[in-house]
Ligand code: S3P
């Protein structure tokens with residue numbers, strides 16, 4: 001489906017976003033590893049997380065799904081069955097990399113494959129450390145690319161210093177560490193999202209954190225726990241930027257995750273001049289609450305160094321913010337973007353240029369000089385965040401913007417376009433509207 005986008009007149013609303021993608025994956029994984037039944041509420045019914053759910057079903061875990069966002073998972077204590085078929089990870093790097101850690105320790109052979117985008121993503125970053133633990137993983141694609149054949153067996157602990165600040169690498173090694181002989185540690189150069197660590201602790205696993213070093217002991221298993229997934233701040237990011245860059249706009253996002261290893265975008269938007277406030281309301285091991293944004297004429301900023309892992313998924317939409325800001329924004333140390341669902345630095349640079357923005361593409365970043373945007377026809381390149389970031393750019397552009405190949409948005413944000421249409425329909429000076437997730441999709445605790 002193609003989306004046709006017109007300039008928005010106003011943005012004045014209060015909304016909720018679907019469940020966090022990273023946390024939804026991990027809730028399935030940790031509940032499956034536990035030896036009891038866990039109820040997960042607020043699960044993201046996006047294709048990536050459904051790939052993880054189906055993978056664990058294929059490994060013999062019984063998972064009920066009474067409605068799209070609730071799972072009842074009957075954990076097996078970490079003992080899985082050999083899958084009857086190859087496991088399809090779809091578009092999801094998180095599914096493939098985290099699962100590799102667990103399957104490395106199972107007494108059977110499994111094979112993981114994915115779609116064209118995932119088939120092009122680097123897997124040596126997990127094959128190397130898991131190999132050091134004794135795993136036998138063969139990348140069947142060129143240069144360490146998928147499919148992966150995993151001949152599982154006994155593992156031993158390692159003390160791993162990761163060359164990339166990647167939560168997927170850290171998590172794959174820590175999950176393998178639960179099955180390894182001894183204490184497994186991972187050290188990263190900058191903190192990447194720490195959901196695995198927080199959720200392991202919430203599920204009762206003893207974990208040691210020492211600065212950027214995290215350790216787990218072999219033989220530990222998560223205890224069964226019920227869990228509520230907060231809204232995804234990376235999905236909220238699209239609306240946060242739409243509001244921050246519109247003088248006079250006012251947005252409140254409710255029930256959204258506020259894990260400090262994910263909320264770097266709030267600091268960036270504040271530096272760019274927007275008024276941003278957080279209200280932490282409750283905590284299920286993962287902090288969550290509300291974010292309030294008042295829009296303004298944004299100013300350029302620098303995004304680099306240890307801030308990058310914290311905004312890794314938000315760079316496409318922050319690049320759009322930069323295109324709407326006064327001055328030249330510099331994004332550096334972000335070469336990792338070249339190995340995401342698509343080469344996001346190249347995609348952002350070409351789309352911003354098509355919209356009339358001055359951009360310099362560097363090997364590890366972008367220099368973007370703000371100015372007016374003009375409408376253009378832009379491909380998603382099969383990348384959900386490129387599609388959504390440029391749909392938001394279209395709200396600010398002169399003339400019509402068309403985004404093609406938008407089905408990929410279902411990997412992380414089903415319902416995005418419904419809200420986008422509601423935003424486009426809002427008239428200047430009209431009352432704020434409220435956008436709650438459908439009651440059917442998000443039952444109250446009492447109902448479920
Ligand atoms: C994720 C980690 C990040 C992020 C991805 C989800 C996770 O990848 O880009 O969307 O759930 O662990 P890296 O860890 O490879 O940076």
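Things worth noting here:
- GNM remark for the chain: springs join alpha carbons under 10 Å apart, and the peak mean-square fluctuation among 319, 349, 82 falls on 82.
- Separation of the residue 181 and residue 346 label points, Cα + 7 Å toward Cβ, nm: 4.5 nm
- As a proxy for reagent exposure, ranking 303, 23, 102 by other Cβ atoms within 10 Å from fewest up yields 102, 303, 23.
- Label sites at residue 306 and residue 74, each approximated as a point 7 angstrom past Cα along Cα to Cβ, lie 4.7 nm apart.
- For the stretch 21-219: rounded, prolate or oblate by the Cα gyration tensor [a/c cutoff 1.5]: rounded
- Nearest-ten-degree value, helix 47-58 long axis tilted from longest Cα axis of the chain: 10 degrees
- Order of 181, 197 - criterion: other Cβ atoms within 10 Å of each residue's Cβ, fewest first: 181, 197
- Rounded to the nearest 5, the antiparallel percentage of DSSP beta bridges internal to the chain is 70%.
- Mean-position separation - Cα centroids, the stretch 87-136 and the stretch 21-62, in angstrom: 17 Å
- Relative contact order %, the stretch 180-233, counting alpha carbon pairs below 8 Å whose residues are six or more apart: 42 percent
- Normalised contact order of the chain, rounded percent, pairs of Cα under 8 Å and 6 or more residues apart: 19 percent
- Projected label points at residue 159 and residue 364, each 7 Å from Cα along the beta carbon direction, are separated by 2.7 nanometres.
- Average Cα contact separation per residue, the stretch 119-205, under 8 Å, 6 or more apart, as relative contact order %: 25 percent
- Listing 210, 383 from fewest to most neighbouring C-beta atoms within 10 Å gives 210, 383.
- Calculated P(r) of the stretch 206-345 - Cα pairs past 20 Å, %: 53 percent
- The calculated FRET efficiency for residue 294 paired with residue 223, based on their beta-carbon distance and R0 = 51 Å, is about 0.75.
None of the figures in this text is laboratory data; all of them are computed from the coordinates on show. Not measured: the values here are computed from a predicted model. Here Cβ is always computed from backbone atoms with ideal geometry, including for glycine, and neighbour counts include all displayed protein chains.
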